[in-house]
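S.K.: Here it is: the structure, laid out below.
Derivation of every value follows stated rules applied to the coordinates shown; laboratory data play no part. This structure is a prediction, so every number in the text was calculated from the model and none was measured. When we count neighbours, we look across all protein chains shown, and the Cβ atoms used for this are built from the backbone with ideal geometry, even at glycine.
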Protein chains: 2
Amino acid sequence: MYDGASAKMRAFSIGVDLGGTNLRIAALTPAGERLETIALPTRLKAGPQAVMDDMAGACRQLIEKYGSQGELLGVGVGSPGPLELPLGVLHHPPNLPGFDGLNLRGELERRLRRPVQVDSDANLAAYGEFLLGAGCTYASRSLIMLTLGTGVGAGIILDGAIWHGMQGAAGESGHGPLDPAGPACPCGARGCLEMYASATAIVRRAHELGIGEKDPAGNGTGAALSASAVARLAEAGDTRALQVFDEVGRALGLSLAHLINALDLPLYVVGGGAAAAWPLFAPRMFATVQEMSYVYRMSMPRDPGVFEAGKTHIAPAQLGSDAGLLGAALLPIHAPVPAATQRPG
Amino acid sequence: MYDGASAKMRAFSIGVDLGGTNLRIAALTPAGERLETIALPTRLKAGPQAVMDDMAGACRQLIEKYGSQGELLGVGVGSPGPLELPLGVLHHPPNLPGFDGLNLRGELERRLRRPVQVDSDANLAAYGEFLLGAGCTYASRSLIMLTLGTGVGAGIILDGAIWHGMQGAAGESGHGPLDPAGPACPCGARGCLEMYASATAIVRRAHELGIGEKDPAGNGTGAALSASAVARLAEAGDTRALQVFDEVGRALGLSLAHLINALDLPLYVVGGGAAAAWPLFAPRMFATVQEMSYVYRMSMPRDPGVFEAGKTHIAPAQLGSDAGLLGAALLPIHAPVPAATQRPG
């Protein structure tokens, strides 16, 4: 994809989005204009060194192509966690089997012979939405973005900077306990947000409610159910499927009430694949936040979809699956690491 | 109380702790050494102007006494909320009846003819503990302090600064919903932390469990029960009273799990009058956090009472009821408001 590079001199940065299925590498101008995106499969079976070679190769390709037109401002990489920061070492990442112990940052720095910044995909998605998406629309210097995917991740931006916490573990709000008697979560707790609002939870609840004997197109029995299939059923008026998304909204509302009461931020963003079902879960989500957070009631906008200064907004993400890629590219521009703290690999 | 002023020149600041019962004014050195404390009753019945006169009079008394020895660095005031910040205007404060609409900051600035900084008592208690209490012991630049009193307040310090949120409403974690089917809270929600862990909740639960027909000394029936009386019963082995504090610990553990998973701070402090019952609720609190927060489990100290770098500590407050007063005095020293944003009354 070649989307708009002009021949004039311009600085650029490179962002990498490493996922369990796809590996994407993009060149971006400081203003957020995309110059080019390279999309590759993540060759998990070939092992981490092969994936790092693919990543470095695509970076080099972009550096060669755009380096003649302007300065490379930096390289940012987003990865699923757990990720030890700022070191950039992966620890038993469930979505990147075989990558345990990989020094993602060091391996890419060694290949590119230049500094690289690494952060979690959830943090960079929040950073992307902050700089180019909902954060612009709602004029917010601080936000929390919940990403509804296989699990529920969260990224926190406070006063324009990613909040990492002491050990880089901030943003684990997907594991906030909403019902200590609820379903057991792989994290060891019970009734976490993730057990109600992830794509995985949507499918599990649909099965529990007896959905899934047929897929939505009626193509026989036993078809693997997906969250979007449950959403299509709900859109078609299936009451059990509607109940599933009502429960998603309820869980999101309770978690948002905790976050709003604690931090009083101007903006909360809901993204990730399952967030496409926004019209299905938003009514219950807003009703629950209104019921459970007096801080929200103090600062409710008249219309949640219209920006109003000084109000608390809860909004769908705007950048779709590009948020993390764009956030990764913008990180070295907007939050460069001081040279003294860089540890080239 | 005259506690250690020497005759040599030294700068000082003044802190004010305005409570519903007591009004305390202290002069402090920048190092946190207390020069003098003036303690007065809060003359609620005489009205806000009389209380402001008392406050200003005590400030003037300290300024006259210590102003000859060194520069007055600033005046900080802590007040119960809700408080509009940075303006310093009270809005229907439940613990200061008759004070609605009072411009606390403007009224004191007018009387003293110099700038004053105002913040909430919960924020300043956290700030005091941060600078002179648990924050020192646990070497933490960030912390959350939960204050268990009539309600449950919270103050948040992030990277050395009070986190106010968009509308000054951050730190309302006392109203985080732990059980949407739980008891109705005056805030409008149900099952908030405050409904389990405040002194009020301790007394309510004790009554519900049939405690209170006799006071702990056995002095007849119908005596008004206090949280500390319930604590004495628990210390004496009363199983119902022990259950009350077990529920306090459970609720604190759930709230802490939410906060730890969201923010990954190095330190959480539990203070306020009811925190004196720490030995009664701490075991269940720690067990619940351990069960419900994998972020905590990742970074548990070997002994929660002993500082260990890089670990998540949960600790009792160290400054008792002085935390807010000391925090108020230190605010203008450590977080002075730039002159341009001062609005003298």
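S.K.: Work out the mean other chain Cβ neighbour count within 10 Å for the residues of B:176-184 and drop it here as an integer.
M.R.: 5
S.K.: Moving on to the next point. Only helical DSSP H runs with n ≥ 4 go in: add -39500 (n - 2.57) per run for the protein assembly as shown, normalise by residue count and round the 222 nm mean residue ellipticity to 500 deg cm²/dmol.
M.R.: Working: 22 runs with 250 residues, N = 690.
Dividing the helical sum by the residues of the protein assembly as shown leaves -11000 deg cm²/dmol.
S.K.: If you count the DSSP beta bridges with both ends in chain A, what percent of them are antiparallel, to the nearest 5?
M.R.: Details: 28 of 45 bridges.
Once the DSSP bridges in chain A are tallied, antiparallel ones form about 60 percent.
S.K.: Report, by chain and number, residues whose modeled amide H sits under 5 Å from the one on B:ILE162, excluding near sequence neighbours (fewer than 5 apart, same chain).
M.R.: When sequence neighbours closer than 5 places are left aside, there are no close amide H contacts.
S.K.: Okay, next question. Kindly work out what percent of the DSSP beta bridges joining two residues of segment B:134-318 are antiparallel, to the nearest 5. Each step should come with its number before you reach the end.
M.R.: Working: 11 of 19 bridges.
Close to 60 percent.
S.K.: Take B:TYR196, B:TYR294 and order them by how many other Cβ atoms sit within 10 Å, fewest up front. Walk me through the intermediate numbers first.
M.R.: Values: B:TYR196 25, B:TYR294 21.
Final ranking by Cβ density, sparse to dense: B:TYR294, B:TYR196.
S.K.: A further question on this structure: Between the label point of A:PRO316 and that of the same position in each other copy, find the distances and list them shortest first in nm, with every label point placed 7 Å from Cα along the Cα-to-C-beta direction.
M.R.: 5.2
S.K.: Enter the mean number of other protein chain beta carbons within 10 Å of the beta carbon of each residue in A:249-261, as an integer.
M.R.: Numbers: counts 0, 1, 0, 0, 2, 6, 4, 0, 7, 12, 6, 7, 16.
That works out to 5 on average.
S.K.: Once both axes come from the Cα atoms, what is the angle between helix B:121-132 and the longest principal axis of chain B, in degrees from 0 to 90, rounded to 10?
M.R.: 80
S.K.: Per q in 0.11, 0.20 Å⁻¹, report the Debye log10 I(q)/I(0) for segment B:258-345, using one uniform scatterer on each alpha carbon and no solvent.
M.R.: With one equal scatterer per Cα and no solvent, log10 I(q)/I(0) is -0.45, -1.00.
S.K.: Once fully extended, how much extra length lies between B:ARG240 and B:SER228, figured as 0.36 nm per residue of separation less the alpha-carbon to alpha-carbon distance? Before the final figure, lay out each step's value.
M.R.: Values: separation 12, 0.36 × 12 = 4.32 nm, distance 1.44 nm.
Using 0.36 nm per residue and subtracting the Cα-Cα distance, I get 2.9 nm.
S.K.: Could I ask something else about it? List the residues of segment A:309-330 whose backbone N lies under 16 Å from a point placed 7 Å from the Cα of A:ASN22 along the Cα-to-Cβ direction.
M.R.: It comes to A:318-329, nothing else.
S.K.: Sticking with this structure for a sec: Stokes-Einstein diffusion coefficient for chain A at 25 °C in a medium of 0.890 mPa s, Rh from the Kirkwood formula over Cα pairs: what value in µm²/s?
M.R.: Numbers: Rh = 20.9 Å.
In µm²/s, the coefficient is 118.
S.K.: Please give, to one decimal in nm, the separation of the simple spin-label points placed at B:ARG113 and B:MET298, each 7 Å out from Cα toward the Cβ.
M.R.: 5.7
S.K.: For segment A:40-127, which trypsin sites (Lys or Arg not before Pro) are in a loop by DSSP, counting at most 16 other Cβ atoms within 10 Å? Mind showing how you got there, number by number?
M.R.: On the way: sites: A:ARG43, A:LYS45, A:ARG60, A:LYS65, A:ARG105, A:ARG110, A:ARG111, A:ARG113; in loops: A:ARG43, A:ARG113.
When the trypsin sites (Lys or Arg not before Pro) of segment A:40-127 are filtered for loop state and at most 16 Cβ neighbours within 10 Å, A:ARG43, A:ARG113 remain.
S.K.: Compute the acute angle (0 to 90°) between the alpha-carbon long axis of helix A:48-67 and the principal axis of greatest extent of the alpha-carbon atoms of chain A; round to the nearest 10°.
M.R.: 60
S.K.: Can you list, shortest first in nanometers, how far A:ARG240 lies from the same residue in the other copies, with each label 7 Å from Cα toward Cβ?
M.R.: Those separations, rounded to one decimal, come out as 4.7 nm.
S.K.: So, one more: Which value in nm describes the separation of the simple spin-label points at A:ASP159 and B:GLN49, placed 7 Å from the Cα toward the beta carbon?
M.R.: 3.9
S.K.: How much length is gained if the chain between B:SER321 and B:THR137 is pulled fully straight, taking 0.36 nm per residue apart and subtracting their Cα-Cα distance, in nm to one decimal? Don't skip to the answer; put the middle values down first.
M.R.: On the way: separation 184, 0.36 × 184 = 66.24 nm, distance 1.80 nm.
Residue separation times 0.36 nm, minus the Cα-Cα distance, leaves 64.4 nm.
S.K.: Moving on to the next point. Rounded to the nearest 0.05, what FRET efficiency do B:ALA287 and A:ALA287 have when you use their Cβ-Cβ distance and R0 = 35 Å?
M.R.: Values: r = 34 Å, r/R0 = 0.96.
That gives a FRET efficiency of 0.55.
S.K.: List, shortest first and in nm to one decimal, how far the label point of B:LEU87 (7 Å from Cα along Cα→Cβ) is from its counterparts in the other copies.
M.R.: 5.0
S.K.: What is the distance in Å between the Cα centroid of segment A:148-202 and that of segment A:34-63?
M.R.: 29
S.K.: Taking the axis that carries chain A onto chain B, what is the nearest Cβ in chain A, and at how many Å, to the whole number?
M.R.: A:HIS258, 2
S.K.: Is segment A:129-242 best put as rounded, prolate or oblate by its Cα gyration tensor, with a ≥ b ≥ c the root eigenvalues, rounded for a/c under 1.5, and otherwise prolate when a/b is larger than b/c, oblate when not? Let's see the in-between values first.
M.R.: Numbers: a/c = 3.14, a/b = 1.70, b/c = 1.85.
Cα axes put segment A:129-242 in the oblate bin.
S.K.: Treat segment B:134-318 as a sphere of radius equal to its Kirkwood radius over Cα pairs and apply Stokes-Einstein at 37 °C in a medium of 0.692 mPa s; give the translational diffusion coefficient in µm²/s, rounded to a whole number. All intermediate terms of the calculation are to be shown ahead of the outcome.
M.R.: Working: Rh = 16.8 Å.
The calculation lands on 195 µm²/s.
S.K.: Set the Förster radius R0 to 25 Å, insert the Cβ-Cβ distance between B:LEU40 and B:ALA335 as r into 1/(1 + (r/R0)^6), and round the FRET efficiency to 0.05. Don't skip to the end; give the middle numbers.
M.R.: Values: r = 26 Å, r/R0 = 1.05.
E between B:LEU40 and B:ALA335, to the nearest 0.05, is 0.45.
S.K.: Note down the relative contact order for chain B as a percent, whole number, built from C-alpha pairs under 8 angstrom at least six residues apart.
M.R.: RCO, chain B: 20 percent.
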